[in-house]
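*Asks:* Can you keep this structure in mind? I'll have questions shortly.
What follows draws every value from the coordinates through simple rules; no lab data is involved. Remember, it's a predicted structure, so these values are computed and weren't measured experimentally. For neighbour counting, all protein chains shown are included, and Cβ atoms are generated from backbone atoms with ideal geometry for every residue, glycine included.
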Amino acid sequence: MIKFHSNVISLHFGLPRPVRILQLTDVHLSLADETDGEELQAHAAKRRRTFFNEADAPARDPVGFLEEAMRYAEGFDCTVITGDVLDFTSHANRETAKRILAGRDYLFCAGNHEFCPRVGIPDTFEQKHRVYDEIQSLFRGDMGFESRIVGGVNVIAMDNSYCVWTGEQFERLQAEIGRGLPCILFCHTPLTCKEMWHKPSLPSLPVPEEVAELTRTVNNYIIGEPGIRAVFSGHLHNNGTERLGDKTGYILGGLFKGIVGEIVID
């Protein structure tokens with residue numbers, strides 16, 4: 001059994017019984033096979049070396065970490081995966097993710113690497129739209145927005161992988177807040193990342209000003225809404241926190257390093 005580095009967060013909501021939630025993020029499967037061709041196989045080998053050097057973890061095996069983490073998840077009330085399961089959209093990565101996650105119960109919100117054909121190619125909304133349905137088919141649920149009541153807590157997962165929120169997400173988030181339960185929000189990109197505020201937008205991901213303004217509005221709503229008790233994200237590969245008004249944002253390190261997040265709410 002792989003020994004994980006557990007980042008344990010305790011929250012106190014006054015629940016009748018404790019709720020245990022497992023967060024996984026930034027797996028970065030970096031595989032390619034004959035279907036992908038020699039060039040992408042060489043790229044995959046280079047990416048694996050990159051994560052091997054960054055991980056400094058005993059097993060240093062993203063595939064093994066994901067397989068074992070999903071078995072470990074069986075002991076929790078809910079599991080949330082906050083993106084970048086794939087490092088790029090190779091056939092081997094897609095098939096590996098599909099195999100490991102098949103039949104498993106979890107909430108999932110996408111990361112930016114979920115739509116990346118090859119690391120180093122700039123992200124574009126066109127690329128995301130082109131492969132969205134295919135990538136969604138690998139994962140259960142709705143990777144744009146999903147929520148679930150777990151032991152009196154409303155667990156919400158929202159996709160902000162390309163540093164924008166949508167009007168539909170905002171409406172659905174407000175509807176969930178309206179249910180009156182304490183909420184915790186999961187997303188891929190931490191809210192304090194400057195890219196989330198579009199001042200300016202990322203050069204490779206330009207957005208109209210109305211989209212940037214909506215995204216800033218949703219950010220401020222999340223930060224100011226008392227019904228959202230905490231925010232959980234990934235993306236940066238290291239554990240950390242961010243101050244979001246009166247609440248805390250918790251940033252989880254990458255599963256490719258053997259890091260998992262254990263959230264205990266009582």
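*Asks:* More than 30 Å apart: what percent of Cα pairs in the chain qualify?
*Replies:* 24 percent
*Asks:* Which percent, to the nearest 5, of DSSP beta bridges fully inside the chain are antiparallel?
*Replies:* 40 percent
*Asks:* So who's got an amide H within less than 5 Å of the one on H5, skipping anything under 5 residues away but keeping other chains? H placed 1.01 Å off N, in plane.
*Replies:* I259, V260
*Asks:* Can I ask one more? With springs only between Cα atoms under 10 Å, which of L11, L252, L244 fluctuates most in a Gaussian network model of the chain?
*Replies:* Fluctuation is largest for L11.
*Asks:* Measuring from centroid to centroid over Cα atoms, what is the spacing of segment 167-194 and segment 62-130 in Å?
*Replies:* So the two Cα centres are separated by 21 Å.
*Asks:* In a Gaussian network model over the chain where Cα atoms closer than 10 Å are linked, find which of H237, H43, H129 has the largest mean-square fluctuation.
*Replies:* H129
*Asks:* Take the residue pairs K128/K257; K194/K247; K3/K46; K3/K247; K98/K257 and return only those whose Cα atoms are more than 23 Å apart.
*Replies:* Too far apart for the 23 Å limit: K128/K257; K3/K46; K3/K247.
*Asks:* Right, next: Looking only at D105, D36, D159, which one moves most when the chain is put into a Gaussian network model with springs between Cα atoms under 10 Å?
*Replies:* In this elastic network of the chain, the residue with the biggest mean-square fluctuation among D105, D36, D159 is D36.
*Asks:* Can you tell me the convex hull volume per residue for segment 131-196, based on C-alpha atoms, in Å³ to the nearest whole number?
*Replies:* With only Cα atoms used, segment 131-196 gives 97 Å³ per residue.
*Asks:* Short version: ³J(HN,Hα) in whole Hz for each residue of segment 67-77, in order, from phi by Karplus 6.51 cos²θ - 1.76 cosθ + 1.60 (θ = phi - 60°), x for Gly and Pro, what are they?
*Replies:* For segment 67-77, the Karplus curve yields 4, 6, 5, 6, 5, 4, 4, 4, x, 10, 6 Hz.
*Asks:* Another question about this same structure. Rank by packing, highest mean first: peptides 255-263, 87-95, 211-219, with packing defined as the count of other Cβ atoms within 10 Å averaged across residues.
*Replies:* 255-263, 87-95, 211-219
*Asks:* Additional query: Which value in nm describes the separation of the simple spin-label points at F13 and E209, placed 7 Å from the Cα toward the beta carbon?
*Replies:* 3.9 nm
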